[in-house]
Structures are given as C-alpha cells and as structure tokens.
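The values are calculated or read from the model by the stated rules, or taken from the named source; none is laboratory data. Being a predicted model, the structure only gives us computed values, none of them experimental. Ideal geometry is used to build each Cβ from the backbone, glycine not excepted, and the neighbour counts take in all protein chains shown. Keep in mind that these areas ignore ligands, DNA and RNA; they rest on the heavy atoms of the full protein, side chains included. Shrake-Rupley method; radii C 1.70, N 1.55, O 1.52, S 1.80 Å.
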Amino acid sequence: MAGAAVWTSWDFLQPVAGQAGGPVATVTPDAVPSETVLEIPSMRGYLTEAEGEIVSLRWKCPHLGCKVPWCESSGQFECPCHGSVFNRVGEYRRGPAARGMDRYEYEIVDGIIVPDTSKIIRGAPVGTLETINEPPKGPECLEATSE
Amino acid sequence: MSLMDSIRKSAVGRSIWRTPKRVTDRDRAAAHWGNFFLHIYPVKMRREQISFKWSWFLGVASMVLYGSLVASGVYLMFFYVPSPTTAYGDIIFLQTNVAFGQYIRNIHRWSAHLMVVAVAAHMAKMFYRGAYKPPREFNWLIGVVLLILTLLLSFTGYLLPWDQLAYWAITVGTSMTEFVPVIGDTVRAMLIGGTEVGAQTLLRFYVLHVAVLPSLLIGLIMIHLWRWRKDSMLEVDVEVGNE
Amino acid sequence: MSDIDPTTSSDQRVLGFVEGTPPVGDRKIPREEDSVMVWPHLLVRHAVVALAVIVFVLLLALFFNAPLREMANPTVTPNPEKAPWYFAALQELLFRFHPLVAGVLVPGAIIVGLVALPFIDRNPDTRQRNRKVAVATFTIFMVVWILLTVIGFAFRGPNWGWVWPWLEWYGEL
Ligand code: FES
C-alpha cells in the first residue's frame, strides 16, 4: 500500500506535459554570430557559432541557476551571483560552478534553428579542456561592478 | 462571591463549566480538566519552571507568531490569485487599494521572519537545557521537523509576491536540489513542476504554503504540546526519585 | 486530602463537603520547588508574552513595509542575488565550496545531526558543567552559523563581493 502510494504520488507530481519546455523556432543559421553571442529570450539562451558548428546555450548558470550574462568587453560569460566564468561556447573557466553551461539539442527545420528546451545536454565537468582558443579580450564585467 | 462565581453557578454556567466551585485546588484542578482550552496545559507545574529565568517563553512566542501568520495569511488569500499573470498585480492592488492591505502584508512578513528566529532560538534553548535527553528524545525530533517545516513555509511564501526577489531566490534555492545525487533532477522537477520556475511552480508553492505545510505543522504542534504536557512534571519526579 | 476520589470510589459514600480554604495551596508560603497551579500562574505569564509579541509585530508592521521589487523577470538576474536571510549562511558556503558539499552534504549533515543528537549524546546529565563537550560543540556550530548568516546577509554586495553594511546596504528581508 505504502509502495503504491509513493509510486502514484511520484507519478502524479511529475511536471505537467508542456511545462518542461519544448521546441522554439529562432533564427536562420547565417544570423548567428561567431565573434559574440545572440541572446534569444524565448529559448532562455544564447546562440553562437564555433568552427562552423551552431552552439545553442542555456543561459541558466550550472551553479545555482542565475541567468549568466554575456560580457561584451571580455568576450566571455560571467555570472554575477557567485562569479563563475565561461568562455563563448559555455565551457568552464573558473568559479564555484561544477560544469560548463548546458546546451539544448537543436534541429534545423526549413532553414531555421529550432532548439528544444526540454532536451538539455549537460555541460562538460570542470577540468575538461576548452575547445576554442579565445582568452579574455578585455576587462571583465565582474571587476567593473564590484568597486 | 464574585460575579464570575454566580455566573458559574447559574444553570447555564453549570452546563458550560460543570464544576462551579473554585475553592480548593482540587476544584480548580477539576475545572482545568473540564476545560477544552486548558487541556493542552498540565494542571500544575514547578514554580521554578514557569519563571522567566528558566523558560524564555520562546515556544509560546512561536505559537503566537504562527497564529498571527494564519490570521494575516487568510486575509491575504482573499486578494491573491497564484498565477504569474495576476500575482504581482494582486500584491500591488492589495497594497494600494485594499483597506489595511499593506499593513496586513507587513504583519505577515515580519511575523514570518520572527517565527523563524523564535523557533530556532527555542531549539537552541532546548539544547542548552538538555531537554533532548531521554525520555524526551522524540519530542526533540518532532521539534527538528517543526523547524524544517517553518523554514519551508517561509521559503514557499517567499515566491508568492512574484517579484524579482521572489523569483530569483527560489530559482537559486531550488537549484541546490539538483546536486542531490541520482534523484536530484527529478526532485527539482517535481518541486517546481518543470525545468524553470514558472506558473506551475507558483501554483505548487501556493498549495504547499497555504494547505499542505500549515496542516502538517499544526498536526505536529499538537503532538509536540501533548508530549510537553505529559512530560511537564518529569523533573519533579526525577527529583523525588533521587531523594 | 485523601488520594481516593470520594465521589467516584465505589465503596464509599459522600457525607458532605466543608467549605473553606485548603490546608495547602494559596496560604502556604511557597518554596522554589513547590508546584503551582498552571492557571493562573503560568497562563498569566503566557498571556503577557503573547501580548508583548503581538504588540512588537504590530509596531514593526507599522514602521517597516514588506519589500516588493519589480515584477519577476526571468531575463534579468538582480545583482547581487540574495537568498532569504536564513539561507544566507548556505549561500556563503555555496560561494566557496562545490555545490554537492555546500548545498547537499552540509545541510543534510546538520539535519541528520540534529535528529540523531539524543542518540549520539548519551550522557544523561542535564547540568551544563557536566556536558562540556556537547555544549562546546553546539556553541561553536551556532557561532559559525550565525557569523556566516550575518556575512552572507549584510556583508555581500554585487558579484558577491565584500561590502561594509554601514557604507552600502544590500540585505534583503
Ligand atoms: S549561480 Fe552562477 S555562479 Fe552561482
């Protein structure tokens, strides 16, 4: 009985269908920049391009879930909450986060990038090497505001 | 004979109190036993135990704050719909257009913070008094659960105004559960009803805040107080036993 | 006074009651160990405490408004982002340690520790001078926790950097 109760309520409390995200139509691949990132609020993430690959990043910090803003001056993602820093494709640089930024799976439908926000690919854990060679190109946004 | 005595001796008075006399301690004890509201209290206690030096009355303070929270909370419920499109507006409306709306919301907010303080202080006090020791271990355990419930009540209520403070505090707070090994992601999904804090989260937290957690809390408080009453003469017995 | 209740005892009859003050009770000079009637002695105290608490809350609510920021906006995280004050200590730990440690193991250990306390500390003595280890451990925990809470609540500003609360205030209630 107790087992059945736990099992049913477990099932019952799962997110209602459609609440856990889904496909979001965004932009055409040639609108995605490779120097900076494109913020797409409807998918709660960023699109960018590296070595001909589209990267669709989730903006939620893998540490505790703040939105990680893009810092134009340094060319990296810098989380104001506890100072985690990620490179342009969301790979871990420093801070208390335990992995890189998550990505969404995406498809290209009729020439439009359609990331699926319910299909999340976890970022690579701390210690994984960065795949792009883009050191910070200028002053960090974190430093500027902490004074 | 005072007015109260004659009221108690009348036919109606007798039907209510049953024991009209208040002469001996025995009469008073009988009156105590016959009174619903006093049944959560023991009839007698050691004089020392009711002094301020011994008891800082933190338990009573917590109970009073809980009462204040229920009263102000019910008032707030009349003006609040737990949906992201309406919640914030409801609070603004409450604060600007409802009589005493801002004041009652203030009472609810400050009572909540004070209750967390009072319950935590109560627990610390009980530690220093050694009140968790046998045979009262179980009541200590219930107390721990009550502290956790108090924190959860405060935390679920924190989301309801649906402002920036609420949204991000709950985003950050619930993200911690993701790091629980194996079941972390599922637990978070069940808690907030999705992958992001949203409409489902607000609804779930609302239900937890106004129905599930308060009833659990009151149920456990009843057990907590019952045990307290049963154990209230314990130290007297222990002392007599030592002689 | 006899222990047997004359009104209910089957082999006795009530012959009558004598009105008057009891031989023990109100007139006796109380000693510290004496037990007293809860009504009125304890209930009066409880009423005073209850009134004091209520007055305090009513005054607080009169002078300080509950905070309300802008409407929730998933596209902007406020900086600094502060948890409710009772989680400030955890947040301070999360800033320094891996989230599995600070977010799961530490709170888990605290809860388990509190629950298991009566079964860990088997010393039956309740006098503080006879339980130095327990009292010292608990006090250290309390001091550390309160310190972390105060730091996280008042001494942290944008980007979770250090601020002096008397110069800049970022605490949220
Ligand atoms: S939430 Fe981004 S560093 Fe903590």
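One Cα centroid belongs to region A:35-50, the other to region B:145-162; the line between them spans 35 Å. Remark: accessible area buried at the B-C interface is about 7300 Å², both chains counted, probe radius 1.4 Å.
Backbone N atoms of region C:128-156 closer than 19 Å to the 7 Å Cα→Cβ label point of C:L167 belong to residues C:151-156. Assuming charge only on the beta carbon of Lys and Arg (+1) and of Asp and Glu (-1), the dipole of region A:41-147 about its Cα centre is about 440 debye to the nearest 20. A helix-only calculation puts chain A at -3000 deg cm²/dmol for mean residue ellipticity at 222 nm, using -39500 (n - 2.57) for each DSSP H run of at least four residues, averaged over all residues. Its residue count N sets the reference 2.2 N^0.38 Å, and the alpha-carbon radius of gyration of the protein assembly as shown equals 1.22 times that reference.
Quick one: among B:I148, B:I16, B:I192, which has the greatest mean-square fluctuation in a GNM of chain B with alpha-carbon springs under 10 angstrom? Largest GNM mean-square fluctuation: B:I16.
How big is the dipole moment of region C:85-160 about its Cα centre under a simple scheme where the beta carbon of each Lys and Arg is +1, that of each Asp and Glu is -1, and everything else is neutral? Debye, nearest 20, please. Before the final figure, lay out each step's value.
Working: 7 positive and 3 negative charges, 52 e Å.
My answer is approximately 240 debye.
Once Rh is set to the Kirkwood radius over Cα pairs, what Stokes-Einstein translational diffusion coefficient, in µm²/s, holds for region C:56-171 at a temperature of 20 °C and a viscosity of 1.002 mPa s? This corresponds to a translational diffusion coefficient of 124 µm²/s.
The solvent-accessible area of B:S83, taken with every protein chain present and a 1.4 Å probe, is close to 30 Å².
Using heavy atoms of the protein chains and a probe of 1.4 Å, the accessible area assigned to B:L141 is about 50 Å². Taking Cα atoms only, the orientation of helix A:2-12 departs from the longest principal axis of chain A by about 50 degrees. Compactness of region A:21-141 is given as radius of gyration and Dmax, 13.4, 40 Å, from Cα positions.
When the charge dipole of the protein assembly as shown is built from unit charges on Cβ atoms (+1 for Lys and Arg, -1 for Asp and Glu) and taken about the Cα centre, the candidate among A:G123, B:V98, B:F205 whose Cα reaches farthest toward its positive end is B:V98. Of the residues in region A:93-112, those shielded by at least 10 Å² of accessible area once partner protein chains are present, compared with the chain alone at a 1.4 Å probe, are A:P96, A:A98, A:R99. Region B:1-61 and region C:129-144 have Cα centres spaced 39 Å apart.
If you take the accessible area of B alone plus A alone and subtract the pair, what total do you get in square angstrom, rounded to 100, with a 1.4 Å probe? Working shown, then result.
Details: alone 15520 and 8730 Å², together 22510 Å².
Heavy-atom accessible area buried at this interface is about 1700 Å².
In terms of Cα atoms, the Rg and Dmax of chain B work out to 23.0, 72 Å.
Rolling a 1.4 Å probe across the protein heavy atoms gives chain B an accessible surface of 46 Å² per residue.
Take the alpha carbon atoms of region B:1-58, find their radius of gyration, then divide it by 2.2 N^0.38 Å using N residues; give the quotient.
1.39
To put it simply, the accessible area of the protein assembly as shown at a 1.4 Å probe is 67 percent carbon and sulfur. The interface between chain C and chain A buries about 1300 Å² of solvent-accessible area in total (1.4 Å probe, ligands and nucleic acids excluded). The modelled label-to-label distance for the pair B:V81/B:L151, using points 7 Å beyond Cα in the direction of Cβ, is 3.5 nm.
Using R₀ = 30 Å, calculate the FRET efficiency as 1/(1 + (r/R₀)^6) where r is the Cβ-Cβ separation of A:A124 and A:V27; round to 0.05.
Details: r = 26 Å, r/R0 = 0.85.
Efficiency for this residue pair is about 0.70.
On a full-extension model of 0.36 nm per residue, what is the gain between B:S215 and B:V12, subtracting their alpha-carbon distance, rounded to one decimal in nm?
Numbers: separation 203, 0.36 × 203 = 73.08 nm, distance 3.47 nm.
Length gained between B:S215 and B:V12: 69.6 nm.
Springs join every pair of Cα atoms under 10 Å in this Gaussian network model of chain B, and among B:D90, B:D185, B:D231 the largest mean-square fluctuation is at B:D185. In summary, the lysines within cross-link reach of B:K230, defined as a Cα separation below 21 angstrom excluding same-chain residues under 8 places away, comprise B:K44, B:K125, B:K133.
Build a GNM of chain A with springs between Cα atoms under 10 Å: which of A:I132, A:I54, A:I113 gets the top mean-square fluctuation? Most flexible of the set in this elastic network: A:I132. Computed from the C-beta positions of A:T36 and B:A121, the FRET efficiency with R₀ = 45 Å rounds to 0.30.
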